[in-house]
Every structure is written in C-alpha cells, then in structure tokens.
Amino acid sequence: MSSFTREDTTFDSHGTPCAAWRYRPDGVERPPIIVMAHGFGATRALRLAAYAERFAEAGFAVLAFDYRGWGDSAGEPRRVLDIGSQQEDWRAAIAHARRLDGVDRNQVVAWGTSFGGGHALHLASGDRRLAAVVVQVPHISGPASAFARSPRLLASLTLAGLRDQLGAVVGRQPYRLPVIGEPGTVAMLTLSGALPMLERLAGERYEELLPENDVGARVALRVPFYSPGRVAGNITAPVLVQLAKKDDVTPYETALKVARRIPLGEVLTYECGHFDPYVDPLFDTIVSDQIDFLRRNV
C-alpha cells in the first residue's frame, strides 16, 4: 500500500478554471491516472476523496474535479446543470490528465458515479484511447429514470422546469429545486433516507454544503432525453459496471440490459440502494472491486 500526496490544482474548460484534487502515489514511477467526477448535483466534497485515497494507496494517480459552476470550480450561473457543458468538462479533464508529467499518459481511466457515470459512458463511446472505465450506479436511460418517479412528481418537475426555462429566456435568476428531498416533496431525488445519506456523505461539512443542495429546475426537461446507454455498444475500453438491485434512481433491469451490451463490460451487482455504495458497510467492497478490476485491466 503506497503513501501519497494530494494537491489542489485547476484546469481550463472552455475558458473557466475547474477545481481539482491531484493525487500522486509515492514511489510509483509513471502511474496510471484515474479521472473522477461526481453525480447529479453533487461535488467532489461528497466523499470522492474516500475513493481517491484508496486508489492512490493502490498505486494510481487521481484527478478528481468539480464541474464548472459547481463546488469549488468557477463559472456562472451557479448550480445550473447543463449536460453538454459537463460532458465538455469531462473532455477537458481527460485532456489535462494526458498532459501531466509523471503519469502514464496512455493509461487514463474514466471513473464516474450516478449521473457522472452516465457522462463517463458517453465519453468512452467516443474516446478509444481510454484504458478503462469504472461506473457505479450509472445513469443509463433518461426515460427509465424519469418514469421511475410518480406521475405527480414528474408533472411537478416538468412545470418547475418550464418555469425556470422561460425565466432564463427573459433573463431571470434560475428557479431552483432541491437536488435531494424527502418523499412527497418536489425535488429531483426523493428517496426514503436520502437526506440522512446526504449528511453522511458531507460529514463535518454538512451544514456548510446544505445550502448547495439545489439545482436550476430546467434540467428536469432534459434528463428524460439523456440516455448514455444508447452508445454503450460503441465502447472499446474495458468497463466495470456496478449496479444496485434496489436502485430507485437507475432502474436495475434496464441498466443490466444495457450493461450487457458493452463489448468488454464486466457487471457486478449488489443488494443495495442507489446511495449505499458511497458509505460503510458496503463502501469497502465496492472500492475493492474497483481496484481489483483496475489491476487486471490497466
């Protein structure tokens, strides 16, 4: 197990600096590098460091970043999720990793979780230079995720999205919704136990980060049309897909069907819900499986 160093850094994405942590394992010459980003409305502060530290201890370099307009990255407006812009940030992060000194620039791995997992799959379908891809509980199908919600909530989200989108046309500030809310409320994710899980992910920074638990509602109009699974068959890199059988965000059966279409895909399933992989008692199993996959493929 290697010791490691972590430093704060930035890289440019279309003229805006994205904040990132760069991890380097000690005593490892030209290690592979894993590029990491979080899921829907989330930032690297929500336990990405726990994964990155384990990867660095295993001998991998890591670049964990925040999207433009989120977390510690620059960019305005804040917390308005634009799918195309986040895909651009992924490409900029990968390009930055391939320019770094002291790493193996030909061994770049894309690691994404939830919505970020969908981005990683989308990116991998067009980037044949990636050495491997790891996605946990990835967003696969827009329609499947949308219709996993109740009709009432789906209608409320659509109306909120229209209000925000029309306001943007006339220059108003974003109309926002909570990213995570209690069941029965109008929020993008309304799972039982989701708010307590957010507290576990944020740890001692919970009170500081809670005001950032919102997103411009216009994204509700776009998520149903974003289906990275449609390009899964084009991915040439080895891919680890980790699925939760009790997932209320990424329906399991749909995700499994798509994952099996990835030519070099390896699928692992777990008896858990969408947020359980991030924390104990499942976290150690999840990240150990990821490290095992990477050691075999990178």
Those residues that are in contact with a Pro (Cβ under 8 Å, 6 or more places away or on another chain) and either closer than 20 Å to Ser85 by Cα or among the hydroxyl-bearing types (Ser, Thr, Tyr) (or both), I need them from region 126-161; list them, please. Pro138, His139, Ile140, Ser141, Gly142, Ser145
Residue check for Glu53: part of a strand (DSSP E or B), more than 13 Å from the chain's Cα centre (by Cα), without any contact (Cβ under 8 Å) to a residue 60 or more places away in the chain and more than 30 Å from Leu221 (Cβ to Cβ): no
Could you check region 197-298 for strands (runs of 3 or more DSSP E) lying wholly inside it with 2 or more residues that are surrounded by 16 or more Cβ atoms within 10 Å (Cβ to Cβ) and either at pLDDT below 95 or among the β-branched types (Val, Ile, Thr) (or both)? 239-244
Selection from region 29-45 of residues in a loop (DSSP other than H, G, I, E, B) and open to solvent by less than 20 Å² (accessible area, probe 1.4 Å) yields Pro31, His38, Gly39, Gly41, Ala42, Thr43, Arg44
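Residue check: is Val179 touching a strand residue (DSSP E or B) at 6+ places or on another chain (Cβ under 7 Å), in contact (Cβ under 8 Å) with a residue 12 or more places away in the chain and closer than 17 Å to Ala259 by Cβ? Spell out how you get there, then give the answer.
Numbers: touching a strand residue (DSSP E or B) at 6+ places or on another chain (Cβ under 7 Å): yes; in contact (Cβ under 8 Å) with a residue 12 or more places away in the chain: yes; closer than 17 Å to Ala259 by Cβ: no.
It is false that Val179 is touching a strand residue (DSSP E or B) at 6+ places or on another chain (Cβ under 7 Å), in contact (Cβ under 8 Å) with a residue 12 or more places away in the chain and closer than 17 Å to Ala259 by Cβ.
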Is it the case that His139 is touching a Phe, Trp or Tyr at 6+ places or on another chain (Cβ under 9 Å) and open to solvent by 20 Å² or more (accessible area, probe 1.4 Å)? no
Cβ pairs under 6 Å, 6+ apart, first in region 102-126 and closer than 20 Å to Ala61 by Cα and basic (Lys, Arg), second open to solvent by 10 Å² or more (accessible area, probe 1.4 Å) and assigned to a loop (DSSP other than H, G, I, E, B): Arg105/Arg98
Scope region 180-208; condition β-branched (Val, Ile, Thr) and out of contact with any Leu (no Cβ under 6 Å at 6 or more places or on another chain); matching residues: Thr185, Val186, Thr190
Just one of (1) more than 26 Å from Asp289 (Cα to Cα); (2) within 18 Å of the chain's Cα centre (by Cα) trips up Gln242, so point out which. (1)
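The values are calculated or read from the model by the stated rules, or taken from the named source; none is laboratory data. This is a predicted model, so every value here is computed, not measured. Cβ atoms come from the backbone with ideal geometry, glycine included; neighbour counts cover every protein chain shown. In case anyone asks, the SASA skips ligands and DNA or RNA and just uses the protein heavy atoms, side chains included. Shrake-Rupley method; radii C 1.70, N 1.55, O 1.52, S 1.80 Å.
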